[in-house]
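K.L.:
What follows is a structure written as structure tokens; I'll ask about it next.
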Amino acid sequence: MERSTTHHQFVGPKSRLSPLALMVMMAFPVIAAEETDDKSRAYARNVVEFESDLLRLDNGSKVDLSRFSYGSSASPGIYRVNISVNGEEVAQEEVEFKAGDNRQVYPCLTPRLIQLINFNEDKLPSEVKQALSSPATCSNLVSVIPEAKFEFDSGDQQLNIEVPQIYVHRTARGAVNPELWDSGVPALMLGYYVNGYDSQYSSGGDSRSLYASLNAGLNIGAWYFRHNGSYNWQKDIGGEYNTTNTYVQRDIAPILGRIILGEYNTSGQMFNSVPFIGAQVSSDDRMLPESQRGYAPDIRGIAKTNAKVTVKQLGNIIYETTVPPGAFLINDLYPAGYGGDLEVTIQEADGTTQQYTIAYASVAQLLRPGTQRYSMTAGKIRNTGISDEPMIYEATYMRGISNIFTGYGGVQVSENYQAYQLGLATGSRLGAIAIDATQSTSKLGNKAGGTKSGQSYRITYSKLIDETNSNITLAAYRYSTAGYMDLLTALQTRDAAQNGYDPNNIWRSKNRFTVSVNQGLPEPWGNIYLSATLENYWNSGQGYNKQYQMGYSNNWKRVNYSVNVSRSQSSNGNEQTNWYLNLSFPLWDAWESHTPYMSLRYNQDNNGGKSEQAMISGTLGDQNQYNYNLSGSHDSQSGTSANIGGGWTSSIATINGGYSTGKNYHSTSLGLSGALVAHSGGVTLTPYNSDTYALIEAKDAKGAKISGYAGTSVDRFGYALFPSLSPYQMNSVSIDPEGSSLDVEFENTAQKIAPRSGAIVKVKFNTNKGSPVLIASSFAGENLPFGADVLDESNASVGIVNQAGAIYARVREDKGTLLVKWGNDIGSSCKVSYMLAPTTGDSQASHIQQFTSPCTPVQGPVSSGPRTEMASTH
């Protein structure tokens, strides 16, 4: 083997761009405008013309840059890619790419790809329909439908396809094909929060406690086992562990719901939530496309031409689309708060417009037309504190009947108890209102008054008044007759009588009224809010419990301030009124990193009590992984106190601590939280608690940061956890190479996944480990052609030739041979030998070695092309 000639040189740390990106940066491309009459051009065919006169070789000849004239220079092969059609993600699977006459790669049009595009056969021209019914082997979509477009980003493994909307079935915005819902990998998970507290008193006494909450899980296929519990220990009392829930769940995609077996709670949609052990089948709104969750009205209209439809709310555009001539339906508006009428404008191709208004107000009971929400439960009541825990059967159902009406009803049955509910919700210009009635029958036994029957009536109202910017977010009133009881009240009343207690000590609600109003004032006068709750009971023998809150908030320059007052009055006549004044502001420029904030608070009550507090808080670290707070306060009763606290979000856990001292005491607290996941590759820790994770695998990438989550990074085994994924919708999982060794290159740094709720989805980021080299070389006395491929001895592409004729590559071995290839014949390739200089410490990982080595002729046949390495998320 020939040794590399002349000298080696270390070049300082460089950006780890891919060889292609480095090449393009040096190429100074000129983008040529497309001809407007060529509708068949695709994204990937938007030609980028390199000015070859600026890139002549030393001998005056021009270089062939046609390979890069059509965007990303992917090689033909099979890739695992994310596929989107007209902007919506539809699948993630293997697609074969072939090179066309212009050397541009295109995706093969297979029956599976045709299925994913979801063509509307009724709208297709006959010749297109015939071509799609029996596609030729690896035909090009653009040759079948000239108006179609595609773009393949080989770096992000993303294939974007655009087809005229008239040719495909319309899907709701944010829709994710259930085939993409990922059940994840087998894994064991444990989330935890632990807090210890110790107080010492000047009298010589002390108080110590420990609290820990645990969220454990085991995922096997599509079955997810879960356990939630907590441990509480106090000095002189001891410790006790309490189980909250233990259950197993599995999604049932065809009914947009799931089954749960074990300890859980009823839905609480219509009747009060009850803990049970048994089985439940219920819907999950998160399985709907994001644009079809919650309530928003359908918008219908008729367009005379290809028209633009614009929807505004409170003067803001919330939706815009283009529709063909004829009747149209828009049913994928995102929910927009509790109200605000919708202004619809249809702008025809000739410039004429139609305008109309659709009333929009919402309450929690309203559903979109055609959507439903359901729950069915059967099991035994648990953890109610009563001696007899009977069976419970409950079923509830809600359905959007039209833009105006939603109907709902339910039944709840137990031993000695029955309840039925019917309700109707409606939205109109007067606001959104829901009215329902519940009938209950309770057999309490002779000691508790025999059988009692009664009714409970509820009305809920919501309205946004555009003219005054007044938002009545919730106003609800419930009246219950003397004989009405909810299930737990009936069980407790019967149990009290059977055990010799007075059943009248179990209060039964009579009237309950709640209201919350937000009033925005004209700029710059801020905002006012008001809330109130009034409630009384049949058997309390006293008046109403009353609670009122009112507040004003605004800002002046960099200062945020608020004034609040709260008043409570119990049924026995006790009253409490509190006034609060709060101010917060940055201590210096709020745009600067790590700017600390000062908060000031003053409180006074109607009994003469006063308190003041001043606190400074902020964050530190390049990812804000450190936080701190210092405060001092004075209370008219307890005196003066001081507190200091801080936290650190490390790569494996979050640690918090604090110290407080005051009149006759001092206390210390220490907290630890995080989670661990055991999987086939080992055990991975994270400082973030979550139920749904992406398990990132990036071999040799220790130290690479997880985008968006302070303190988290890839561990020494090549794994990290990306928390808080949104189930059933596309999530972007990204990794930041900063922090990893410079001898590691990422094939891509972002991928998309759609996990099921509770899944641990493995996301693999392919990496190439090797030493970066920059080799000055020549062949037959001439510079190497710009853009030529550089292959290693395993025929894997490891680099490229830059504009200066130098080789930029990343090599895995300390010495070896590289093949430089710019054509298919033997005269269009040569080989370069290299030998890396000895290094110490991490110098190899943090520098590019630069040296000179000649490129010599190749003996024997030349490989037809580089080996394609597929990127995969699983």
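Here, each number is a calculation from the coordinates, and none is a lab measurement. Everything numeric here is computed off the predicted structure, so don't read it as measured data. Every residue, glycine among them, receives a Cβ derived from its backbone with ideal geometry; neighbour counts consider all protein chains shown.
K.L.:
For segment 212-273 and segment 768-819, what is the separation of their Cα centres, given in Å?
P.N.:
For segment 212-273 versus segment 768-819, the Cα centre distance is 56 Å.
K.L.:
Test of the criteria: in segment 575-653, which chymotrypsin sites (Phe, Trp or Tyr not before Pro) are in a DSSP loop and have at most 15 other Cβ atoms within 10 angstrom of their Cβ?
P.N.:
Those that pass, being in a loop and sparsely packed, are TRP588, TRP591.
K.L.:
Out of the DSSP beta bridges found with both residues in the chain, what percent are antiparallel (nearest 5)?
P.N.:
Within the chain, antiparallel bridges account for around 95 percent of the total.
K.L.:
Which semi-axis lengths, in whole Å and largest first, follow from the square roots of five times the eigenvalues of the Cα gyration tensor of segment 492-537?
P.N.:
Here the semi-axes work out to 45, 8, 6 Å.
K.L.:
Of [x] 1.17; [y] 1.02; [z] 1.14, which is the value of Rg/Rh (Cα atoms, Kirkwood Rh) derived from the coordinates here?
P.N.:
Only one option fits the structure, namely [y].
K.L.:
While we're here: With only alpha-carbon atoms counted, please give the Rg and Dmax of segment 298-358, in Å.
P.N.:
Every Cα atom of segment 298-358 included, Rg and Dmax give 11.3, 36 Å.
K.L.:
In addition: Extent of segment 366-441 along each principal axis, from alpha carbon coordinates, in Å, largest to smallest?
P.N.:
Here the spans come out as 51, 21, 17 Å, largest first.
K.L.:
Now a separate question. Where does helix 487-498 land angle-wise versus the long Cα axis of the chain, in degrees 0 to 90, nearest 10?
P.N.:
With both axes taken from Cα atoms, the answer is about 40 degrees.
K.L.:
Between ALA482 and SER568, how many nm apart are label points set 7 Å from Cα along the C-beta direction?
P.N.:
About 3.1 nm separates the two model spin labels.
K.L.:
Looking at segment 684-767, what % of its DSSP beta bridges pair antiparallel, to the nearest 5?
P.N.:
If I count the DSSP bridges inside segment 684-767, around 70 percent turn out antiparallel.
K.L.:
What is the sum of charges, Lys and Arg at +1 and Asp and Glu at -1, for the other residues whose Cβ falls under 13 Å from the Cβ of THR668?
P.N.:
-1
K.L.:
Give the calculated FRET efficiency between VAL411 and ASP502 to the nearest 0.05, with a Förster radius of 35 Å applied to their Cβ-Cβ distance.
P.N.:
0.65
K.L.:
To make sure I understand, if each residue's beta carbon is the centre and we count other beta carbons within 10 Å, what order do VAL714, VAL820 fall in, fewest to most?
P.N.:
The most exposed by this proxy come first: VAL820, VAL714.
K.L.:
Right, next: Using +1 at the C-beta of Lys and Arg and -1 at the C-beta of Asp and Glu, which of ILE161, PRO186, SER199 has the Cα lying farthest in the positive direction of the dipole of segment 142-201?
P.N.:
Value computed over the given set: ILE161.
K.L.:
Report, in debye and to the nearest 20, how large the dipole of the chain comes out about its Cα centre when Lys and Arg carry +1 and Asp and Glu carry -1 on their Cβ.
P.N.:
Dipole about the Cα centre, nearest 20: 2220 debye.
K.L.:
Pairwise over distinct Cα atoms, reciprocal of the mean inverse distance: report the Kirkwood radius of segment 374-526 in Å, one decimal place.
P.N.:
This gives a value of 17.9 Å.
K.L.:
While we're on this one: Whole-Å semi-axes of segment 115-239's equivalent ellipsoid, largest first, each the root of 5 times a Cα gyration tensor eigenvalue?
P.N.:
Value: 63, 16, 13 Å, ordered largest first.
K.L.:
Beta carbons within 10 angstrom, averaged per residue: use that to sort the peptides 688-700, 344-356, 178-190, highest first.
P.N.:
Top to bottom by mean Cβ count within 10 Å: 688-700, 178-190, 344-356.
K.L.:
Just report the Cα centroid separation between segment 648-720 and segment 292-343, whole Å.
P.N.:
44
K.L.:
Ratio of segment 336-385's C-alpha Rg to 2.2 N^0.38 Å, to two decimals?
P.N.:
Here the Cα radius of gyration is 2.19 times the empirical estimate.
K.L.:
Between ALA837 and ARG286, what is the spin-label point distance in nm, taking each point 7 Å from the Cα along the Cα→C-beta axis?
P.N.:
Each label point lies 7 Å from its Cα, and together they span 5.5 nm.
K.L.:
Please arrange CYS108, CYS855, CYS830, CYS138 by how many other C-beta atoms lie within 10 Å of their C-beta, fewest to most.
P.N.:
CYS138, CYS108, CYS830, CYS855
K.L.:
Turning to a different aspect of this structure: With a 10 Å Cβ neighbour count serving as the proxy for reagent exposure, in which order, fewest first, do LEU342, LEU600, LEU725 appear?
P.N.:
LEU600, LEU342, LEU725
K.L.:
Just to be sure I follow: if Rg is taken over the C-alpha atoms of segment 452-525 and Rh is the Kirkwood radius over the same atoms, what is Rg/Rh?
P.N.:
Rg/Rh for segment 452-525 comes to 1.28.
K.L.:
Quick one: what are the phi-derived ³J(HN,Hα) couplings along segment 762-768, Karplus 6.51/-1.76/1.60 with θ = phi - 60°, whole Hz, x for glycine and proline?
P.N.:
Result, ordered by residue: 7, 10, 9, 9, 5, 10, 10 Hz.
K.L.:
Now for a different question. Using alpha-carbon pairs under 8 Å, 6+ residues apart, how would you state the relative contact order of segment 298-358 in percent?
P.N.:
In percent, rounded to a whole number, it is 38.
K.L.:
Which value at 222 nm does the chain reach when only helices count, each DSSP H run of 4 or more adding -39,500 (n - 2.57), with the total divided by all residues and rounded to the nearest 500 deg cm²/dmol?
P.N.:
Value at 222 nm, helices only, nearest 500: -1500 deg cm²/dmol.
K.L.:
Ratio of alpha-carbon Rg to the 2.2 N^0.38 Å globular estimate for segment 684-767, to two decimals, please.
P.N.:
That works out to 1.00 for segment 684-767.
K.L.:
Taking θ = phi - 60°, what integer Hz values does the Karplus form 6.51 cos²θ - 1.76 cosθ + 1.60 yield along segment 168-177, in sequence order, with x for Gly and Pro?
P.N.:
These are the phi-based 3J(HN,Hα) values: 10, 5, 6, 10, 5, 4, x, 5, 10, 4 Hz.
K.L.:
Restricting to Cα pairs below 8 Å that are 6+ residues apart, what does the relative contact order work out to for segment 298-424? Please round to a whole percent.
P.N.:
17 percent.
K.L.:
Right, here's the next one. If I take R0 = 41 Å and measure r between the Cβ atoms of ASN766 and TRP591 in this structure, what FRET efficiency does the formula 1/(1 + (r/R0)^6) give, to the nearest 0.05?
P.N.:
0.60
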